[in-house]
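Have a look at the structure below before the remarks.
The values are calculated or read from the model by the stated rules, or taken from the named source; none is laboratory data. The shown structure was predicted, so the numbers you read here are calculated from the model rather than taken from an experiment. A quick note on method: Cβ atoms are made from the backbone with ideal geometry, for glycine too, and the neighbour counts reach across all protein chains shown.
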Amino acid sequence: MDDLNAILEPGMLVTHPDRPDWGTGQVQSNIAGRVTVNFREQGKVVIDSTRVTLLPVFDE
C-alpha cells in the first residue's frame, strides 16, 4: 500500500477518517511515517501513517 500521508506537509489541513468528532487538524510535522496533527477538538495527536490515512481538507 502506498503511503498517501507522504504528501502531507506542515500547515496542511486534514481530518481523521475514523474520528470526525476531532474536527479539522493542522499538520505540525511528518517524519518517518509519524504525522503530528493539532486537531481543533482533540489537541495534538501523533498518527502512525501505516495504520491511518488522513484526509486532506482543501476548503473549509
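Are any of the residues in segment 23-43 in contact (Cβ under 8 Å) with a residue 40 or more places away in the chain and among the β-branched types (Val, Ile, Thr)? If you could, list the steps in order and put the result at the bottom.
Taking segment 23-43 as the starting set, the residues that turn out to be in contact (Cβ under 8 Å) with a residue 40 or more places away in the chain are none.
No, the conditions are met nowhere in segment 23-43.
Quick check on segment 21-39: of everything there that is at pLDDT 95 or above, outside any strand (DSSP E or B) and not β-branched (Val, Ile, Thr), which residue is farthest from LEU4 (Cα to Cα)?
Only one residue tops the list, namely ASP21.
Looking at segment 30-56, which of its residues are out of contact with any Pro (no Cβ under 8 Å at 6 or more places or on another chain) and of a type in the set (A, V, I, L, M, F, W, C)?
ILE31, ALA32, VAL35, VAL37, PHE39, VAL45, VAL46, ILE47
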